[in-house]
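Peer 1: So that we are looking at the same thing, I have put the structure below in structure tokens.
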Amino acid sequence: MKIISKFAAVIGAGLAASLAFGSTANSQMAPFGDDESVAYAAKIWSAMEKLNLAGDNALLTFPYEGTDPHGMMLETFYTKATIDGYTGALIVKRNYGPAGVEADAVLNDPAKHLGAVTVMFRREAGYDDDNKNWFWVKYLPDGSLDKNPKGMQLAGKIAKGADKGCIACHTGAPGGDMVFTTDRKM
Ligand code: HEC
């Protein structure tokens, strides 16, 4: 549980950052939820289906205990995917609930417990050099996009804001790669 408390400290810092900078995020051109990002997210979901990471025949692993904001039981997969001819690192996180759910309950009926699927895909250089070129997306279990409280679809450079932006929090991940769970080179 030592690891969890390390994450919890970082989450606190990330939340503070998103609260401090949140108000300006959506006043300029949206860095996420735009048509291009939404279409790109659909391609990632299709790639995940082909890789058996989404859909009816999706691979399962033994879920582990998680923490906010990603859910109380998690599964995480690390691989690569090719989108529009470009191959990059793909990290898929399945977020299960409700709070207190046991691993075997999740395995017995994953679909019933799946709350969301959060994904990071490392795009080509120049996409978002300031933030390691990650493309961020939060899917609902059926592959459609979740939305923030302002109704913006969660795909793209999800920086900051009332929805607790992915980037604001993941900036605090150890190793400077925006990935919490590993410093593996991806
Ligand atoms: C308040 C902090 C916070 C926010 C906001 C957040 N995350 Fe995370 N995220 C974490 C933590 C902590 C972990 C490691 C948890 C674990 O797997 O046990 C994590 C793990 C992940 C992982 C697995 C790779 C890794 O970093 O270890 C993905 C993929 C991911 N998050 C995607 C997202 C996306 C997409 C969003 C926005 C829609 C988001 N996250 C928002 C804290 C956050």
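Peer 1: Do you know which residues across region 112-131 are open to solvent by 60 Å² or more (accessible area, probe 1.4 Å) and closer than 21 Å to His70 by Cα?
Peer 2: Result: Lys112, single match.
Peer 1: While we're looking at this one, here's another question. Considering region 64-103 alone, what residues qualify as being surrounded by fewer than 19 Cβ atoms within 10 Å (Cβ to Cβ), within 12 Å of the ligand (Cβ to nearest atom) and modelled with pLDDT under 95?
Peer 2: Selection gives Glu65, Thr67, Asp68, Pro69.
Peer 1: Count, please, the residues in region 146-173 that happen to be at pLDDT 90 or above and either more than 10 Å from the ligand (Cβ to nearest atom) or not in a loop (DSSP other than H, G, I, E, B) (or both).
Peer 2: Final tally of qualifying residues: 12.
Peer 1: Still on this structure: Among the listed residues Gly176, Gly115, identify the single one that is among the small types (Gly, Ala, Ser) and either within 12 Å of the ligand (Cβ to nearest atom) or touching a strand residue (DSSP E or B) at 6+ places or on another chain (Cβ under 7 Å) (or both). Before you say what the answer is, go through the steps one by one.
Peer 2: Working: Gly176 fails: either within 12 Å of the ligand (Cβ to nearest atom) or touching a strand residue (DSSP E or B) at 6+ places or on another chain (Cβ under 7 Å) (or both).
Going through Gly176, Gly115 in turn, just one is among the small types (Gly, Ala, Ser) and either within 12 Å of the ligand (Cβ to nearest atom) or touching a strand residue (DSSP E or B) at 6+ places or on another chain (Cβ under 7 Å) (or both): Gly115.
Peer 1: Now for a separate question. So if I check each of Thr67, Thr76, which one is part of a loop (DSSP other than H, G, I, E, B), in contact (Cβ under 8 Å) with a residue 12 or more places away in the chain and polar (S, T, N, Q)?
Peer 2: On the way: Thr76 fails: part of a loop (DSSP other than H, G, I, E, B).
Exactly one of Thr67, Thr76 is part of a loop (DSSP other than H, G, I, E, B), in contact (Cβ under 8 Å) with a residue 12 or more places away in the chain and polar (S, T, N, Q), namely Thr67.
Peer 1: Test each condition in (1) touching a residue at least 40 places away in the same chain (Cβ under 8 Å); (2) away from the ligand (no atom under 11 Å from the Cβ); (3) surrounded by 20 or more Cβ atoms within 10 Å (Cβ to Cβ) for Gly143 and report the one that comes out false.
Peer 2: That leaves (3) as the condition not met.
The values are calculated or read from the model by the stated rules, or taken from the named source; none is laboratory data. Since the structure is predicted, the reported quantities are computational estimates derived from the model, not experimental observations. All Cβ positions, even for glycine, are placed from backbone atoms using ideal geometry, and neighbour counts span all protein chains on display. Heads up: the accessible areas ignore ligands, DNA and RNA and are worked out on the full protein's heavy atoms, side chains in. Shrake-Rupley method; radii C 1.70, N 1.55, O 1.52, S 1.80 Å.
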